[in-house]
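Here is the structure we will look at, set down as structure tokens.
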There are 2 protein chains.
Amino acid sequence: MNKKNNIDIEFILVEPSHSGNIGACARAIKNMGFEKLAIVKPRKTITEEAFHRAKSAKDILENAVIYESFDQAIEEKNLILATSARERTIPWPTFYIDEISEEIKGELKSEKTKSAIIFGREDNGLSNEELQKCHIHLVIPTSDEYSSLNLSHALQLVAFEIRKIYLDNNVPISEEKDLVSNLENEKLLEHLMEVLKKIDFYDPKSSKQVKTRIERLIKKIRLDKMEMGILRGFLSKIMDFEK
Amino acid sequence: MNKKNNIDIEFILVEPSHSGNIGACARAIKNMGFEKLAIVKPRKTITEEAFHRAKSAKDILENAVIYESFDQAIEEKNLILATSARERTIPWPTFYIDEISEEIKGELKSEKTKSAIIFGREDNGLSNEELQKCHIHLVIPTSDEYSSLNLSHALQLVAFEIRKIYLDNNVPISEEKDLVSNLENEKLLEHLMEVLKKIDFYDPKSSKQVKTRIERLIKKIRLDKMEMGILRGFLSKIMDFEK
């Protein structure tokens, strides 16, 4: 893969239960020219079996980042993609892995983007709460009869398609966007909720739904740094005014 | 997958050494809507590990065909594709798995085609002799740095791409071709060599090269049944004439 490309993309496994799978994922990542593997709370330690199945990708395994929580894993990211073998009922921006929009492709290729592609647990995937913390849902097309792929196979297919995007010179790299990280979004949400409470618009006890909807809205807008500055300034002004 | 499609495609593993891999292949085949797994001389029996890794594709594993030899596996086939993680030096019709020609796509979709996709040994792939018995070589694009994929991962990627061909209504099904099986080609080769010996064109002791080149030529032409009839008739006439 062309080294000039942004390959700063992290493949994140959430609570994988089979150590062998983790090794197979490391190998798949390296086969496709990527480098970064991360794991949220592995349910088993990385065993000999993992190293055996990683074959010549032991370096990927050795350098794997371990996160204490899902939130920690996505904190610094500004493009978070969740994978799933089936379409969910949650209305969310969703693409088949081989039909990702040109806009998202351009972002993936940008050096300004800190991307994560997230893979759920072998037994029950990602929770709805986790899915709603991601910007985009990716669906792997499968047979209707049997849609549940092995974890490392799912990662292999996704990495294969993402690699194509990086190598496709027809996809323009989106350089203009300077999107904020997930952590900055979380801070905006806190700030906004504080303001809403202060102006008596929102009672955390009675309307948990309001916070959820605003959280989703912030995810969808995908603010850049300048927009974030304006919004935070606006919120601070309201807080001052109320005093 | 649409049942009207030709899904009579056999995924053939040549001498796989890891039973777990066989199970993972069965699962990948079913995930992509296919049904047929075959194995040429498995180096280990199909163990509990294979069934464990097949998960809900145990039926694919139970119905797997076991062949005694590579030649037996391809005998009845008339479209034989070999997979490889890298481009070979042998000059042969070769496609990346996501850039298969429209002609071959059309054949794959035809009910007249008996297709096989062949996967080599985990440790050293397919031999040159085996590769030359296939019509088409398929290459999986990978990183230059580390091109060797896990067997079941390779199969997963190939099955994913072949499934797209079946589901793509823009690919016209090639119905006009009625290609002969590999066994019929072998018989033609024997017949031809017999004639060449008879007319003193060919001495099997001194020119083994001639036979290899003719074998390759027959593979490349991909005769249909009518052409085969004409050629065999022509050869029989020469034999009679020489008497």
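The values are calculated or read from the model by the stated rules, or taken from the named source; none is laboratory data. As the structure is a prediction and not an experimental result, all values here were calculated from the model. Ideal geometry is used to build each Cβ from the backbone, glycine not excepted, and the neighbour counts take in all protein chains shown.
When the residues of region B:99-146 are narrowed to those that are among the small types (Gly, Ala, Ser) and in contact with a helix residue (DSSP H, G or I) (Cβ under 7 Å, 6 or more places away or on another chain), which ends up farthest from the other protein chains (Cβ to nearest Cβ)? Spell out the reasoning first.
Applying the first criterion (among the small types (Gly, Ala, Ser)) to region B:99-146 yields B:101, B:106, B:110, B:115-116, B:120, B:125, B:127, B:143.
With the extra rule that they be in contact with a helix residue (DSSP H, G or I) (Cβ under 7 Å, 6 or more places away or on another chain), the set shrinks to B:115-116, B:143.
Details: B:115: 18, B:116: 20, B:143: 4 Å.
Here the residue is B:116.
When region A:217-235 is examined, which residues are found to be closer than 15 Å to residue A:189 by Cβ and either surrounded by fewer than 15 Cβ atoms within 10 Å (Cβ to Cβ) or more than 16 Å from the chain's Cα centre (by Cα) (or both)?
A:217, A:220, A:221, A:227, A:228, A:231, A:232, A:234, A:235 - these are the residues of region A:217-235 that are closer than 15 Å to residue A:189 by Cβ and either surrounded by fewer than 15 Cβ atoms within 10 Å (Cβ to Cβ) or more than 16 Å from the chain's Cα centre (by Cα) (or both).
Yes or no, residue by residue, for (1) closer than 14 Å to residue A:239 by Cβ; (2) in a helix (DSSP H, G or I); (3) at pLDDT 85 or above:
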site: A:164; (1), (2), (3): no, yes, yes
site: A:172; (1), (2), (3): no, no, no
site: A:188; (1), (2), (3): yes, yes, yes
site: A:191; (1), (2), (3): yes, yes, yes
site: A:203; (1), (2), (3): no, no, no
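Tell me which of these residue B:8 doesn't satisfy, since it passes every other one: (1) within 14 Å of chain A (Cβ to nearest Cβ); (2) modelled with pLDDT under 95; (3) under 17 Å from the mean Cα position of the chain (by Cα).
Every condition holds for residue B:8 apart from (1).
Which ones in region B:106-119 are in a helix (DSSP H, G or I) and either modelled with pLDDT of 95 or more or touching a strand residue (DSSP E or B) at 6+ places or on another chain (Cβ under 9 Å) (or both)?
Residues satisfying the conditions are B:107, B:108.
Checking residue A:96 against (1) more than 14 Å from the chain's Cα centre (by Cα); (2) crowded, with 21+ Cβ neighbours inside 10 Å; (3) among the aromatic types (Phe, Trp, Tyr), which test does it fail?
Unmet for residue A:96, out of (1) more than 14 Å from the chain's Cα centre (by Cα); (2) crowded, with 21+ Cβ neighbours inside 10 Å; (3) among the aromatic types (Phe, Trp, Tyr): (2).
Which of the residues that make up region A:213-226 are part of a helix (DSSP H, G or I) and touching a residue at least 12 places away in the same chain (Cβ under 8 Å)?
Within region A:213-226, A:214, A:215, A:216, A:218, A:219, A:220, A:225, A:226 qualify.
Matching residues to (1) assigned to a loop (DSSP other than H, G, I, E, B); (2) at pLDDT 95 or above; (3) out of contact with any Leu (no Cβ under 7 Å at 6 or more places or on another chain); (4) away from chain A (no Cβ under 14 Å):
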residue	(1), (2), (3), (4)
B:4	yes, no, yes, yes
B:25	no, yes, no, no
B:28	no, yes, no, no
B:44	yes, no, yes, yes
B:52	no, yes, yes, no
B:57	no, yes, yes, no
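Could you identify the single residue in B:83, B:89 that is surrounded by 14 or more Cβ atoms within 10 Å (Cβ to Cβ), assigned by TED's automatic domain parsing to the domain that holds residue B:120 and modelled with pLDDT under 95?
B:83
Quick check on region B:120-151: of everything there that is among the small types (Gly, Ala, Ser), in a loop (DSSP other than H, G, I, E, B) and within 30 Å of residue B:218 (Cβ to Cβ), which residue is modelled with the lowest pLDDT?
Among residues in region B:120-151 that are among the small types (Gly, Ala, Ser), in a loop (DSSP other than H, G, I, E, B) and within 30 Å of residue B:218 (Cβ to Cβ), the one modelled with the lowest pLDDT is B:127.
Go through (1) within 14 Å of another protein chain (Cβ to nearest Cβ); (2) crowded, with 19+ Cβ neighbours inside 10 Å; (3) in contact with a Lys or Arg (Cβ under 6 Å, 6 or more places away or on another chain) for residue A:182 and report which single condition fails.
Unmet for residue A:182, out of (1) within 14 Å of another protein chain (Cβ to nearest Cβ); (2) crowded, with 19+ Cβ neighbours inside 10 Å; (3) in contact with a Lys or Arg (Cβ under 6 Å, 6 or more places away or on another chain): (1).
Quick one: in region A:102-143, which of the residues that are more than 16 Å from the chain's Cα centre (by Cα) and polar (S, T, N, Q) is farthest from residue A:35 (Cα to Cα)?
So, considering only residues that are more than 16 Å from the chain's Cα centre (by Cα) and polar (S, T, N, Q), the one farthest from residue A:35 (Cα to Cα) is A:143.
Show the residue pairs meeting these rules: Cβ distance below 9 Å; 6+ apart or different chains; first residue within region A:41-57 and assigned by TED's automatic domain parsing to the domain that holds residue A:15 and among the aliphatic types (A, V, I, L, M); second residue modelled with pLDDT under 90 and part of a loop (DSSP other than H, G, I, E, B).
Pairs found: A:50/A:44.
Just one of (1) part of a helix (DSSP H, G or I); (2) touching a residue at least 24 places away in the same chain (Cβ under 8 Å); (3) not small (Gly, Ala, Ser) trips up residue B:177, so point out which.
Failed condition: (1).
Let me confirm something: among A:192, A:157, A:196, A:149, which residue is buried (at least 19 other Cβ atoms within 10 Å of the Cβ), within 24 Å of the chain's Cα centre (by Cα), not assigned by TED's automatic domain parsing to the domain that holds residue A:116 and not aromatic (Phe, Trp, Tyr)?
A:192
Of all residues in region A:147-179 being of a type in the set (D, E, K, R) and more than 30 Å from residue A:55 (Cβ to Cβ), which is nearest to the other protein chains (Cβ to nearest Cβ)?
Of everything passing the filter in region A:147-179, A:175 is nearest to the other protein chains (Cβ to nearest Cβ).
Would you say residue B:127 is hydroxyl-bearing (Ser, Thr, Tyr), under 21 Å from residue B:211 (Cβ atoms), in the same structural domain as residue B:13 (by TED's automatic domain parsing) and surrounded by fewer than 20 Cβ atoms within 10 Å (Cβ to Cβ)?
The answer is yes for residue B:127.
Checking residue B:44 against (1) farther than 27 Å from residue B:218 by Cα; (2) surrounded by 17 or more Cβ atoms within 10 Å (Cβ to Cβ), which single condition isn't satisfied?
(2)
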